[in-house]
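Scroll down for the structure; my scribbles are underneath it.
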Amino acid sequence: MYSFSIFQFEIQISTFVLIIFIIFAAIFLLQTAYYSTLYRKIVAKKKPSENNDSVQFPVSVIICSHNDKEHLEKFLPKILSQNYLKFEIIVVNDCSTDETWEFLTLLKEKHKNLYVTTIEVDEQFSHGKKLALNIGIKAAKHQWLLFTDADCEIFSQNWIAQLQKNAEKNIHTVLGYVSYSKHNSLKNKFIRYDLFASVLQSVIFSLPRQSYVDNDKNLLIRKETFDENKRLSPQIFSQETGGMDLFIHKYSHRKNTKLEFNAESFVYAKTPSWKKWIRKKEIFFSSKRRYSWKTRILLSLEPCLRVLFLITFIILLFNVKFLIITALSIFLLREIFLFFVLYKITKRLEEQDLRVGFLLFDLIFPFFTLGIWCRKFFGQKQAKWK
């Protein structure tokens with residue numbers, strides 16, 4: 001039991017409560033540092049100078065498609081009309097059984113820079129997205145490869161140009177911002193906040209030795225990076241997600257990777273259903289075990305700190321009046337600071353409609369994620385890439 005005086009009041013605090021308060025205050029300081037770094041890297045980041053005379057390197061856009069005729073019909077013409085001097089589009093038609101091939105064949109007649117390769121259905125041979133990606137990479141003629149998916153919408157005609165501005169001498173990877181299409185529903189905001197939070201983690205991971213990305217729908221990568229590392233070999237390919245998250249984690253780091261947050265470079269994917277989104281989270285938990293132990297700890301640290309912050313706050317509310325007031329003051333200060341930082345970040349990333357619920361999402365998301373992890377722990381069959 002510790003006893004001390006403040007403003008002529010005698011305060012007595014047990015050792016347990018004092019430890020809880022120290023943990024609570026320490027987490028507050030760590031979270032302040034975390035969100036301050038996000039503000040500096042996203043909001044306060046200097047925008048690159050506009051140089052109309054900068055060299056535009058030829059780019060190969062690679063799109064893997066499986067039964068995506070409807071999406072290709074809607075979104076592919078916008079990519080074909082990009083305001084860029086020299087680029088090609090390679091669509092890998094991966095075992096589609098709809099009218100994807102017929103649509104792409106007709107579109108090829110109008111656009112000489114559109115190339116299509118098809119993987120035929122083979123009932124005796126099962127494969128994931130890895131094969132489609134490797135075929136697309138091998139078919140690419142240019143040294144800069146831009147990856148996206150068939151269900152992704154590009155709003156700007158300067159999408160390629162904006163990402164390519166980061167193609168400097170020592171840069172191998174450019175990570176572009178990805179969000180889900182916006183709808184006026186709680187489900188849409190909830191799922192988009194999850195992707196938004198993943199982007200914030202990607203920013204933090206761009207600081208240390210290795211990078212991390214939870215979405216590979218907007219990536220610009222030098223082709224020689226794949227050639228040097230034998231393309232998507234089993235050791236660097238995510239068997240669970242079918243994507244390149246392991247590749248980015250293994251070969252991208254602060255010195256060879258750039259983040260692009262100009263609105264013209266943004267990509268918007270189709271918002272998944274609840275079932276598909278939860279399945280995606282489960283698949284991510286499976287692939288995470290292939291990361292280094294250090295990365296796994298860092299990925300789990302921030303959500304765990306949020307849970308611990310809330311638990312310690314609740315414990316402090318049932319103690320002496322002085323600690324209740326102090327804990328409430330720190331909690332409110334955190335929420336005000338968090339709102340300010342996320343207000344600025346959502347403005348930069350054009351996610352202003354998330355402001356209404358992000359303080360609530362920030363508190364409940366770790367518990368929701370824990371529930372999905374527990375569901376995954378009891379075993380689910382792995383899903384294919386699409």
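To make sure I understand, if each residue's beta carbon is the centre and we count other beta carbons within 10 Å, what order do Asp362, Asp122 fall in, fewest to most? Numbers along the way, then the final one.
Details: Asp362 19, Asp122 9.
Placing the least packed residue first, the sequence is Asp122, Asp362.
So how far apart, in nm, are the two label points at Lys182 and Phe368 if each is 7 Å from Cα heading toward Cβ?
Output for this residue pair reads 1.9 nm.
Please rank Leu145, Leu18, fewest neighbouring Cβ atoms within 10 Å first, as an exposure proxy.
Leu18, Leu145
What residues have an amide H closer than 5 Å to that of Ile89, excluding those fewer than 5 places away on the same chain, when H is modeled at 1.01 Å from N in the peptide plane?
Val61, Leu114, Tyr115
Hey, with R₀ at 35 Å, roughly what FRET efficiency would Ala25 and Phe285 work out to, going by the Cβ-Cβ distance, to 0.05?
My answer for the efficiency is 0.65.
Quick one: work out Rg over Rh on the C-alpha atoms of the range 59-279, Rh as Kirkwood radius.
Here Rg/Rh amounts to 0.94.
Arrange the following residues from fewest to most other Cβ atoms within 10 Å of their Cβ: Phe196, Phe285.
On the way: Phe196 22, Phe285 16.
Exposure proxy ranking, most exposed first: Phe285, Phe196.
Which of the aspartates and glutamates could be linked to Lys255 by a straight reach, that is with a Cα gap under 17 Å, when you skip same-chain ones fewer than 8 residues away?
Glu168, Glu224
Computed from the coordinates by the stated procedures, all read-outs in this text should not be read as laboratory data. Predicted model, so just to flag it, every value in this text is computed and none were measured. A quick note on method: Cβ atoms are made from the backbone with ideal geometry, for glycine too, and the neighbour counts reach across all protein chains shown.
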